[in-house]
Structure formats: structure tokens, C-alpha cells
Amino acid sequence: MMKNIYESPLNSRYASDEMKEIFSPDKKFRTWRRLWIALAEAERELGVNITQAQIDQLKAYADDINYDVAEAQEKKVRHDVMAHVHAYGVQCPDAKGIIHLGATSCYVGDNTDIIIMHEGLRIVRDKLVTVIALLSDFAEQYKSLPTLAFTHFQPAQLTTVGKRATLWIQDLLMDLEDVDHQLSKAKLLGSKGTTGTQASFLTLFDGDHEKVKQAERLICEKMGYDEVFAVSGQTYPRKLDSQMLSVLSSVAQSAYKFSNDIRLLQHLKEVEEPFEKGQIGSSAMAYKRNPMRTERMSSLARYVIVDALNPAITASTQWFERTLDDSANKRISIPEAFLAVDAILNLYINVTKGLVVYPMVIRRRIMAELPFMATENIMMDAVKRGGDRQALHERIRVHSIEAARVVKEQGEPNDLVSRIAADPMFNITEEEIYEILLPENFIGRSVEQVTEFLAGIPVDKSAVAGDVEINV
């Protein structure tokens with residue numbers, strides 16, 4: 001790496017090699033050549049004077065790109081597509097005259113962008129499935145472990161560690177639905193010409209409308225697609241970019257929620273993200289174990305959520321059949337969103353594989369709060385022993401206020417149980433109260449909900465992605 005030139009951290013630190021390869025220049029230009037071959041094949045099959053020898057020559061150099069020639073030519077003509085047409089022609093002199101025949105720049109540029117986004121989205125899907133599978137195992141493992149639930153980050157009632165994990169999974173399942181929907185309606189731009197009217201192709205095929213349509217269908221099939229946009233200007237609808245990044249933003253939102261929850265739990269010392277043996281949490285405080293991975297997830301997720309505004313604005317401000325004010329923005333906003341979500345999911349996988357749960361800390365926090373939550377149960381037990389419900393309610397209110405005061409003002413443990421046991425009105429011992437205060441009695445249907453929820457997850461675990469590496 002050259003140390004005196006800026007490089008995006010998404011490329012140098014965060015994203016995986018597989019995602020970086022998809023958005024690499026080499027992938028783009030090799031896809032351009034595949035599209036030129038598909039165009040030439042379709043035109044030949046429909047009667048244009050193109051020979052098989054010309055196509056064979058194009059195929060021979062499909063992946064052997066003479067970048068030096070292309071770069072030198074682009075400096076002269078200031079046009080990347082025509083520079084690569086020229087470079088391809090240098091390698092394929094017999095086919096030089098039929099490369100890009102009838103097409104405009106967006107034929108290779110826009111179709112390639114669509115193909116690359118779909119390939120990137122499939123990687124996102126694989127990693128989403130992996131996270132869902134890992135969290136499902138976590139939820140199953142801890143479905144019966146009671147934990148304090150919070151509303152407004154204030155102690156509420158009890159849930160279980162596994163039940164809380166199902167909330168994270170449910171968000172991801174909604175994302176998976178959106179990803180699958182986006183992939184299910186995949187379309188290419190096709191061969192639409194300069195303003196989307198296919199005029200150049202109508203001329204090429206001597207006014208034969210059916211051949212124009214057939215050529216587009218053939219190109220589509222050769223590139224592995226079933227459909228093209230029925231109508232377009234020069235470009236595919238920029239709303240597609242907005243939809244793509246909306247899906248990525250949704251994934252980022254889910255990851256953000258998870259990462260915030262883990263960061264809060266790590267503060268409570270109940271659940272921690274993985275921590276490497278030699279990892280340093282703080283340069284100043286050697287004892288610290290900062291939640292670095294989930295903090296990075298939050299940081300990158302925030303970037304993606306904001307980045308999703310770029311194609312939304314672009315889609316809404318396009319002029320008629322096209323303007324070029326989308327180009328520079330797209331070159332940055334689209335790849336970086338995919339790279340960032342890839343990095344987020346790599347972190348998500350890494351964290352979920354190594355989550356550490358501390359049941360004793362969880363239990364201690366439960367028992368500090370459960371007496372307050374169980375007062376109704378204690379009161380009803382005392383009523384069964386002959387007590388007066390209204391009088392008991394008042395006594396519990398007084399004891400609860402005093403116990404809370406002791407906790408907050410004096411920093412002492414919650415002594416509500418001993419206060420109630422010492423009050424003859426309740427006619428109950430501490431041992432009997434603690435029999436009532438079994439956390440497992442206060443988790444409702446948490447265990448059953450986890451079991452039922454996991455049974456209904458439509459995820460094929462054979463599609464789970466392999467190990468991922470993150471830069472710690």
C-alpha cells in the first residue's frame with residue numbers, strides 16, 4: 001500500500017476480498033467484454049454480417065484485458081467505454097469493426113452495474129443466512145435462561161436470553177425477505193440505445209421490430225437473466241439503485257440494533273462480544289474490554305443508513321432520458337454501501353460465533369429487581385393465608401418505597417424480602433418468599449415462543465457462509 005495516497009478504509013480494513021473483487025475494475029471490464037460478446041452473438045444469430053471467427057477472437061481475449069492500451073487511449077479520448085472498445089479491437093483486429101455494434105455506453109455500463117449489484121446482494125444474502133443460523137443456535141441454547149428485560153432501559157419484567165435473541169433474528173428475517181424480493185425481480189437494462197427507443201438496432205436490423213426484440217432477449221439469456229426493463233431512457237431507472245441501498249440500509253439498521261444491545265449488555269457485564277487473548281481494550285486502562293466490534297458495527301451501519309440518501313436523491317433529480325450527474329455519485333455511493341454492509345455482516349458473524357454469557361451476573365441483577373416485580377404474587381399468597389388484600393397492598397407499597405430508597409440513597413442491597421418476612425401481616429417466611437421468587441416462574445411463554453419461532457424459520461443452513469476474517 002502507498003502510504004502517501006488516501007485509500008478507503010472499507011477497502012483496506014473492513015470489507016471481504018470476495019466483495020471487493022465484485023466491485024473491482026477488473027470485474028467491471030471483464031463484464032463489459034462478456035456483454036460485447038453476447039451482443040455480437042445475438043446479432044450474428046439474427047443475420048448481421050458477423051462471423052464465428054470474429055466471435056471466437058473476442059472470446060479468446062474476454063478475460064485478458066490490455067489495461068495499458070485502454071488507459072493510454074482514455075487519456076486521449078476522455079471516454080472510458082470507447083477507450084476499452086479501442087483496446088479490445090487492438091487485441092481482436094478481425095473483430096474490431098463489430099465490437100459495440102449498435103450500442104451506446106450504457107449498454108455495457110448500466111448492464112454491468114446491475115449484474116454487479118445482484119452478485120453483491122447474493123453475498124449479502126449468504127451472510128444474512130449465516131447470522132440467522134448462528135443466532136438461532138444461540139437462542140436455542142439460552143432459551144430457558146431468565147434475564148431482566150428492559151423498557152426505556154429501565155427494569156421491566158423478565159424474559160430469557162434466547163427470547164431476546166429472537167428479536168434480533170426477526171429483524172434479519174425481514175431483511176432476508178427484502179433481499180429475496182429484490183433478487184426475484186432482477187432485470188437487465190438490455191439493449192435500448194441512446195434514448196431508450198432502440199432506434200440504432202432498428203436500423204441495424206433493417207426495420208425488423210421482431211429482430212430488435214429477439215436480440216434483446218438473446219442478450220438477456222446469454223447474461224443469465226430472464227427479464228429486461230420494458231422501457232427506459234438511456235439508463236436503467238435510477239430508482240433501482242435507491243431500492244438496492246434501501247435494502248442494504250435495512251440490514252444496517254438491524255445490525256445497528258443488535259450492536260447497541262450487545263454494547264449495553266457488555267456494560268452490564270451480562271453478555272460480551274469476543275475478546276482476543278492479546279487484544280488491548282484501552283491504551284490507558286489495561287483492565288478495559290471495550291466492545292470494539294459492535295462499536296464498529298454501529299459506526300459502519302450509521303454510514304450505510306445515511307449513504308442510502310444518495311441514490312434516493314439521484315433517482316428523484318434525473319432529467320428526462322438521462323443526465324450525467326449520477327455517474328460520479330454512483331461510483332462512490334453504491335460500491336461503498338455494499339462494502340460497508342459486507343463488513344458489518346462479517347462483524348455480525350464474528351460476534352455471534354463468540355458471544356460470552358455470564359449467567360451469575362444475570363441472576364444477580366434479576367434478584368436485585370425481582371422482589372419488586374413479584375409483589376403481586378407475594379401479596380396473593382398472603383391473601384390465601386387469610387390476609388386482607390387492600391391492607392396488604394398498602395403495606396407492600398410502603399415496604400417497596402423504603403427498600404427502593406435504601407438501594408438508591410444508601411447503595412445497599414434490596415431488602416424488600418426481609419422487610420416483608422418481618423411484617424406479621426404477611427405471615428410468610430423468607431424461605432417461602434424465595435420459593436415464590438424463582439425467576440423461571442416469571443418468564444411467561446419465553447421458552448415456548450423461542451421453540452415455536454425457531455421451528456418456523458425458513459432458512460436452509462446448508463447455505464451458510466464459511467468463516468470470515470475481520471481486522472481486529
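The values are calculated or read from the model by the stated rules, or taken from the named source; none is laboratory data. Computed from a predicted model, the values in this text were never measured in an experiment. FYI the Cβ positions are ideal-geometry reconstructions off the backbone, even for glycines, and counts take in every protein chain you see.
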For the subset of the stretch 311-339 comprising residues that are among the charged types (D, E, K, R) and in contact (Cβ under 8 Å) with a residue 40 or more places away in the chain, which member is nearest to Leu121 (Cα to Cα)?
Glu336
Among residues of the stretch 380-415, those that are in contact (Cβ under 8 Å) with a residue 40 or more places away in the chain and within 14 Å of Asn427 (Cβ to Cβ), counted:
5
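Conditions tested, residue by residue: (1) more than 19 Å from the chain's Cα centre (by Cα); (2) under 23 Å from Ile262 (Cβ atoms); (3) crowded, with 19+ Cβ neighbours inside 10 Å.
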| residue | (1), (2), (3) |
| --- | --- |
| Glu321 | yes, no, no |
| Asn329 | yes, no, no |
| Ser333 | no, no, yes |
| Val361 | yes, yes, no |
Across the stretch 139-155, the tally of residues that are exposed (fewer than 14 other Cβ atoms within 10 Å of the Cβ) and in contact (Cβ under 8 Å) with a residue 40 or more places away in the chain stands at 1
Taking the conditions exactly as written (farther than 21 Å from Ser249 by Cα and aromatic (Phe, Trp, Tyr)), does Phe338 satisfy them or not?
no
With the requirement that a residue be assigned to a loop (DSSP other than H, G, I, E, B) and within 21 Å of Ser105 (Cβ to Cβ), what does the stretch 302-330 give you?
Thr317, Gln318, Trp319, Phe320, Glu321, Arg322, Thr323, Leu324, Asp325, Asp326
Using the structure shown, decide if Ala53 is surrounded by 20 or more Cβ atoms within 10 Å (Cβ to Cβ), in contact (Cβ under 8 Å) with a residue 40 or more places away in the chain and assigned by TED's automatic domain parsing to the domain that holds Gly89.
no
Counting only residues that are loosely packed, with under 15 Cβ neighbours inside 10 Å, outside any loop (DSSP other than H, G, I, E, B) and among the acidic types (Asp, Glu), the stretch 181-219 contains a total of 1
Can you tell me which residue is nearest to Leu121 (Cα to Cα) among those in the stretch 171-209 that are without any contact (Cβ under 8 Å) to a residue 60 or more places away in the chain and small (Gly, Ala, Ser)?
Ser184
From the option list Asn346, Asn377, single residue qualifying as surrounded by fewer than 16 Cβ atoms within 10 Å (Cβ to Cβ) and either assigned to a helix (DSSP H, G or I) or in contact with an Asp or Glu (Cβ under 6 Å, 6 or more places away or on another chain) (or both) is Asn377
